[in-house]
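What follows is one structure encoded as structure tokens, with my remarks underneath.
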């Protein structure tokens, strides 16, 4: 599909980004920049959406950290809030051209949303990507269009990227039960048989729809990966932690801001789209109110003899029993083999001690990352294909 180009911007993406941002703010009513003051607004919409989902498992993308990461390109992103719907918009560079990206549309998606999508396409003169949208939402929008203009990205052949056809949704999201993933394979197998009864007793009607048969089948499908993960954890624990005390895992503090920024820049480059998205996970001078600050759990990893963090993890509380992991950044060159598995287990153990049960992880861009996430034996997965307005 050949698209018109605005030649005056091809050599200056910053100028095009400013053009897209200013044009949206000027052309679309009720649009504005997302700021940290919007946390409460988003939490309200996430809560309503969670209550409408039958499986009662917290949705990974129903999170402040996911939205503000995925809307990279415009700071924390742009939003349109009008009545019963909330739209979040970022931009993405594809083949040298910037595209609008609609991220996790929330609420009642009516004809006004169609007008907004059409306007974004008109401004950019390119297709609009739509991430983290459910099939029922797509069906509703296509009924308003009266023809299927919003299609799965794989059917359009207008992929996100050649190496990651659907960005972080190229491979499915994963959800772990912390009561299982923190145990040895033998103990985990026995624990699974007790979970359905345990959840029913403590959660009642709010319990997820996962039954024991589903949990056991999921565990068995990844059992060999889980055994290898546990072997690496035990090896690292014996040879590096117990013997040398090489790793320290502690809560993040504001004084870690500068070294963690440096860690992110060293891993992903200075001021790249990816590094800027991770910078949004850190505290800044404009901190959240205490009420919402507690919704974000941050941890740093220190190596023996090094004053600077070599790892950073960031988690958001999704509901009473669920959290999502939105940042797992480790300088693996400074740690021996098996460190990644060990550090993830340390994180999961910490979360379990805080009485959380489920950890949601996003999808993966590559098969290698997908296989790594499978090691921790997810109890269920969730496909969230990207759609596109051509």
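Tell me the label only: which of (1) 27.3; (2) 19.8; (3) 24.6 is mean projected area of the Cα convex hull in nm² as calculated from this structure?
For mean projected area of the Cα convex hull in nm², the calculated option is (2).
Using alpha-carbon pairs under 8 Å, 6+ residues apart, how would you state the relative contact order of the chain in percent?
Values: 626 pairs, mean separation 94.0, N = 390.
Relative contact order of the chain: 24 percent.
Angle, helix 13-27 long axis vs. longest principal axis of the chain, Cα atoms, 0 to 90°, nearest 10?
It is inclined by approximately 70 degrees.
Mind checking the angle between helix 257-268 and the chain's longest principal axis? C-alpha axes, 0 to 90 degrees, to the nearest 10.
Roughly 80 degrees between the two axes.
Can you tell me the 0 to 90 degree angle between the C-alpha axis of helix 111-124 and the longest principal axis of the chain, rounded to 10?
Tilt of helix 111-124: around 80 degrees.
Which of 187, 174 has the fewest other C-beta atoms within 10 Å, and how do the rest follow up to the most?
Result, fewest neighbours first: 187, 174.
What is the spin-label model distance, in nm, from residue 294 to residue 354 if the labels are put 7 Å beyond Cα along the C-beta direction?
Taking the simple label geometry, residue 294 and residue 354 are separated by 1.2 nm.
What ranking of 29, 82, 365 emerges when the number of other C-beta atoms within 10 Å of each C-beta is taken as an exposure proxy, fewest first?
Working: 29 9, 82 16, 365 19.
Listing 29, 82, 365 from fewest to most nearby Cβ atoms yields 29, 82, 365.
Take the chain, connect every pair of alpha-carbon atoms lying under 10 Å apart with a spring to form a Gaussian network, then pick out the residue of 371, 304, 189 with the largest mean-square fluctuation.
Of 371, 304, 189, the Gaussian network model singles out 304 as fluctuating most.
Taking the beta-carbon count within 10 Å as an exposure proxy, list 234, 298, 26 from fewest neighbours to most.
Fewest to most other Cβ atoms nearby, the residues stand as 26, 234, 298.
What is the stretch 7-148's relative contact order, in percent, from Cα pairs under 8 angstrom and six or more apart in sequence?
Taking the mean separation of contacting Cα pairs over the length of the stretch 7-148, I get 21 percent.
Let me see the P(r) profile for the stretch 103-156: every Cα-Cα distance counted, bins of 5 Å, each bin given as a percent of all pairs.
Computed distribution, short to long bins: 4, 18, 31, 32, 13, 2.
How large is the direction-averaged shadow of the alpha-carbon convex hull of the stretch 7-148, in nm²? Let's see the in-between values first.
On the way: hull surface 35.0 nm².
Mean projected area of the Cα convex hull: 8.8 nm².
Read-outs: derived from the displayed coordinates by stated rules, not from any lab. Everything numeric here is computed off the predicted structure, so don't read it as measured data. All Cβ positions, glycine included, derive from the backbone under ideal geometry; neighbour counts span all protein chains shown.
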